[in-house]
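*Asks:* To start, I am sharing the structure in question, which I have written as structure tokens.
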Amino acid sequence: QFTDLRAHEILDSRGRPTLAVTVSRGARHATASVPSGASTGRHEAHELRDDDSARYGGAGVLTAIGSVNGELRELLCGRPWHELSGVDSAMRDLDGTPNLSRLGANAVIGVSMAVARLLADADELPLWTWLRVSGATARLPVPHFNVLNGGVHARTALAFQEFMIAPLGARSMGDAIRAGAEIYRALRGLLTDAGHSVGLGDEGGFAPEFTQPEDVLRLLVRAIEEAGYPAGLDAVAIALDPAASQFCQPDGSYVVGGHRHSATELVQRYVEMVRDFPIWSIEDGMAEDDDAGWQEITDELGEHVQLVGDDNFVTNPALIARGADAGIANAALIKPNQIGTVTETLAAIRVCRDRGYRQMISHRSGETCDDFIADLAVGTGCGQLKAGAPARGERVAKYNRLMMIDTACAGLPYGIPADARSTPGR
Ligand code: PGA
Ligand code: ZN
């Protein structure tokens, strides 16, 4: 039986308000705080904002906090709950809308994460051992460090949103984190030498004025090598999240670095990038509604490259299953606040596993120092986590948690599970 449930307003990494939720059972307390995206898919669960322009330009979350302190508190306190799935489905029933727009998905996911923490604590288990998907074994994920930001996370002339480095071939978690930090440092040096700004974007990556993605890729390979690592699919590879919905035009064309492309031309541009650079994964290469474009990129590259659906799948088990039926993408991004409960997040991972789709657990561009997703990535054994640059508190909170788990539990394997890795090894 939960004895108390409370939320209050805190700031996220962009200085916008969000919720911290604390659930109590007697002397036991657990807190979770809620992230927020900027390049969101249209079918994400609804983040409830106050729309009161007198506070935070309308971005306040007092209404969502009211849901926690009012209806959700009444629902959860005072009767016995044993399972997170029961709590999550009761919250969804109480909300009564398909996208949690009445109580607010930001309220519901905060409660769900806090309850998961409390139940794990009550079982005297670390969160990562408690967050399980049947058939999966725990492992440490390959960190995907977003070292150079564009798109809506930087508002420069660079259309592509995220350029990540992925130490696929590292021998351990510690080696992977070290590679990320050393390459980030080398990249900073190269940017400085070339007279570029080393100011940062929303996810802690550098945000210099580049226009062509190929120029960035060339620089990344130099940074990887300058830091003393081989750039390659079995060493340090590159992952992209162009977030193409953001540069897709109303007529269905795509504008990248001043060039207007049809979907077919954009796919061919990716094919050339994959040929010229050690790219192992592309997320949202096509816009969320461009089914034909997704089909095309999957046909062209799906055999060799991980193709991750984010804006189109929005961590929704039904949408992932539909994508798998259509043969679109071969992996899904997993963001708990996109779907609204931890139970449904685990269900989305289960659908991926059943359909042979890989999974990458993900932060949001607006983050807090909550490290829930690090435990989620380890517990579900998916092998991949993206949490931004190896810099800035809200990003390193996740990577530091991975290092803590690694130290506390020696012997956990690192990397992408062998069965899930067969496709992208050219
Ligand atoms: P967001 O973007 O958190 O700003 O929505 C992250 C992503 O596109 O993966
Ligand atoms: Zn994305």
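The values are calculated or read from the model by the stated rules, or taken from the named source; none is laboratory data. Here the structure is a predicted model, which is why all the values come from computation and not from measurement. No Cβ is skipped: glycine too gets one built from the backbone with ideal geometry, and neighbour counts run over all protein chains shown. Keep in mind that these areas ignore ligands, DNA and RNA; they rest on the heavy atoms of the full protein, side chains included. Shrake-Rupley method; radii C 1.70, N 1.55, O 1.52, S 1.80 Å.
*Asks:* Among the residues of the stretch 381-403 satisfying the criterion of being touching an Asp or Glu at 6+ places or on another chain (Cβ under 8 Å) and in a helix (DSSP H, G or I), which is surrounded by the fewest Cβ atoms within 10 Å (Cβ to Cβ)?
*Replies:* In this case the residue turns out to be N400.
*Asks:* So C369 fits all but one of (1) under 22 Å from A105 (Cα atoms); (2) in a helix (DSSP H, G or I); what number is the exception?
*Replies:* Answer for C369: the failing condition is (2).
*Asks:* Hey, does the stretch 290-298 have a residue that's in contact (Cβ under 8 Å) with a residue 60 or more places away in the chain, assigned to a loop (DSSP other than H, G, I, E, B), farther than 16 Å from C352 by Cβ and not basic (K, R)?
*Replies:* No, the stretch 290-298 contains no residue that is in contact (Cβ under 8 Å) with a residue 60 or more places away in the chain, assigned to a loop (DSSP other than H, G, I, E, B), farther than 16 Å from C352 by Cβ and not basic (K, R).
*Asks:* Would you mind finding the one in D276, D311 that is acidic (D, E) and open to solvent by less than 20 Å² (accessible area, probe 1.4 Å)?
*Replies:* Answer to the check: D311.
*Asks:* On to the next question. Being farther than 20 Å from V34 by Cβ and in a loop (DSSP other than H, G, I, E, B) is the filter here, so list the residues in the stretch 64-97 that pass it.
*Replies:* Matches in the stretch 64-97: G78, R79, P80, W81, H82, E83, G96.
*Asks:* Next up: Is it the case that A237 is open to solvent by less than 30 Å² (accessible area, probe 1.4 Å), in contact (Cβ under 8 Å) with a residue 60 or more places away in the chain, out of contact with any Ser or Thr (no Cβ under 9 Å at 6 or more places or on another chain) and among the small types (G, A, S)?
*Replies:* So A237 fails the test.
*Asks:* Looking only at the stretch 279-288, filter to residues that are touching a Pro at 6+ places or on another chain (Cβ under 9 Å) and assigned to a loop (DSSP other than H, G, I, E, B); which one of those is nearest to ligand 1 (Cβ to nearest atom)?
*Replies:* D284
*Asks:* Kindly indicate whether any position in the stretch 156-174 is within 22 Å of Y254 (Cβ to Cβ) and more than 16 Å from ligand 2 (Cβ to nearest atom).
*Replies:* Among the residues of the stretch 156-174, at least one is within 22 Å of Y254 (Cβ to Cβ) and more than 16 Å from ligand 2 (Cβ to nearest atom), which makes the answer yes.
*Asks:* Could we say that C369 is away from ligand 1 (no atom under 13 Å from the Cβ) and under 21 Å from I238 (Cβ atoms) here?
*Replies:* Here the answer is no, as C369 does not meet what is asked.
*Asks:* Within the bounds of the stretch 249-257, is there any residue that is within 16 Å of ligand 2 (Cβ to nearest atom), in a loop (DSSP other than H, G, I, E, B) and either open to solvent by less than 10 Å² (accessible area, probe 1.4 Å) or in contact with a helix residue (DSSP H, G or I) (Cβ under 6 Å, 6 or more places away or on another chain) (or both)?
*Replies:* Scanning the stretch 249-257, I find no residue that is within 16 Å of ligand 2 (Cβ to nearest atom), in a loop (DSSP other than H, G, I, E, B) and either open to solvent by less than 10 Å² (accessible area, probe 1.4 Å) or in contact with a helix residue (DSSP H, G or I) (Cβ under 6 Å, 6 or more places away or on another chain) (or both), so the answer is no.
*Asks:* Across the stretch 306-365, what is the number of residues that are in contact with a helix residue (DSSP H, G or I) (Cβ under 7 Å, 6 or more places away or on another chain), basic (K, R) and within 12 Å of ligand 1 (Cβ to nearest atom)?
*Replies:* Here the count works out to 1.
*Asks:* In the stretch 266-275, is there at least one residue being within 16 Å of ligand 1 (Cβ to nearest atom), at pLDDT 95 or above and in contact with a His (Cβ under 7 Å, 6 or more places away or on another chain)?
*Replies:* Scanning the stretch 266-275 turns up no residue that is within 16 Å of ligand 1 (Cβ to nearest atom), at pLDDT 95 or above and in contact with a His (Cβ under 7 Å, 6 or more places away or on another chain).
*Asks:* Show the residue pairs that are 6+ apart or on different chains and have beta-carbon atoms under 9 Å apart, the first residue being within the stretch 254-267 and among the charged types (D, E, K, R), the second being open to solvent by less than 50 Å² (accessible area, probe 1.4 Å) and not in a helix (DSSP H, G or I).
*Replies:* What qualifies is R260/S253; R260/Y254; E265/S253; E265/Y254.
*Asks:* What number of residues within the stretch 291-322 satisfy the criterion of being in contact with a strand residue (DSSP E or B) (Cβ under 7 Å, 6 or more places away or on another chain) and either of a type outside the set (S, T, Y) or within 15 Å of ligand 2 (Cβ to nearest atom) (or both)?
*Replies:* Of the residues in that region, 11 qualify.
*Asks:* Here's another thing I want to ask about it. Looking only at the stretch 289-305, count how many residues are within 16 Å of ligand 1 (Cβ to nearest atom) and of a type in the set (A, V, I, L, M, F, W, C).
*Replies:* Count: 1.
*Asks:* Looking at (1) aliphatic (A, V, I, L, M); (2) touching a His at 6+ places or on another chain (Cβ under 7 Å); (3) farther than 23 Å from G110 by Cβ, can you tell me which one A326 breaks?
*Replies:* The one condition A326 does not meet is (2).
*Asks:* What number of residues in the stretch 320-344 are in contact with a Gly (Cβ under 8 Å, 6 or more places away or on another chain), in a loop (DSSP other than H, G, I, E, B) and under 25 Å from G86 (Cα atoms)?
*Replies:* Total satisfying the criteria: 1.
*Asks:* A follow-up question, please. Determine which single condition E162 fails, assuming it passes every other condition in (1) more than 16 Å from ligand 1 (Cβ to nearest atom); (2) open to solvent by less than 30 Å² (accessible area, probe 1.4 Å); (3) among the acidic types (D, E).
*Replies:* (1)
*Asks:* List the residue pairs whose Cβ atoms are under 6 Å apart, where the first residue sits in the stretch 24-53 and is among the acidic types (D, E), the second is outside any loop (DSSP other than H, G, I, E, B) and within 12 Å of ligand 1 (Cβ to nearest atom), and the two are 6 or more positions apart or on different chains.
*Replies:* E44/Q338
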